[in-house]
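Participant: Let me give you the structure first, and then I'll get to my questions.
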Amino acid sequence: MRKTVIQRVLLGAILAATSAQTLAYGSGGTLGGNPSLSREQLEANWNGKPGPQVTAMAGIVTHWTADACGTFNGKQFDPGNCDTKKAKQSPTDNE
């Protein structure tokens, strides 16, 4: 009988420790996990203008800065030096 009591107490302690970790850290990502956006995803949603950008994707609103070429945190301020495949025209550039 004593052996059974010790086993039950030990089992209870293991279950309590496991439950405490699950509550503290979440369910391990099965209910959404930690969403993130890549640099490529942000650059693909560039609005065509240098400066502060706001991108909303997958339930995440991200504030970031683009240069004149649409590069994430880039340093190019002259659109003439951009790769033409990547650079977008701003809607107001043609007016």
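The values are calculated or read from the model by the stated rules, or taken from the named source; none is laboratory data. Everything numeric here is computed off the predicted structure, so don't read it as measured data. Note: ideal-geometry Cβ built from the backbone for every residue, glycine included; neighbour counts use all protein chains shown. What goes into the accessible areas is simple: the full protein's heavy atoms, side chains included, and nothing from ligands, DNA or RNA. Shrake-Rupley method; radii C 1.70, N 1.55, O 1.52, S 1.80 Å.
Participant: Residue 16 versus residue 54, label points 7 Å from Cα toward the beta carbon: distance in nm?
Facilitator: For the pair residue 16/residue 54, the computed spacing is 4.9 nm.
Participant: Still on this structure: Using a 1.4 Å probe and counting only protein heavy atoms, arrange 15, 42 so the residue with the most accessible area comes first. The partial results should precede the final answer.
Facilitator: On the way: 15 105, 42 10 Å².
The residues order as 15, 42, largest area first.
Participant: A follow-up question, please. Excluding ligands and nucleic acids, what accessible area in Å² is computed for residue 3 using a 1.4 Å probe, to the nearest 10?
Facilitator: Ignoring ligands and nucleic acids, residue 3 comes out at about 150 Å².
Participant: Something else about it: Just to be sure I understand the model, the point goes 7 Å from the Cα along the line to the Cβ. What's the resulting residue 5 to residue 40 distance in nm?
Facilitator: So the label points at residue 5 and residue 40 sit 6.3 nm apart.
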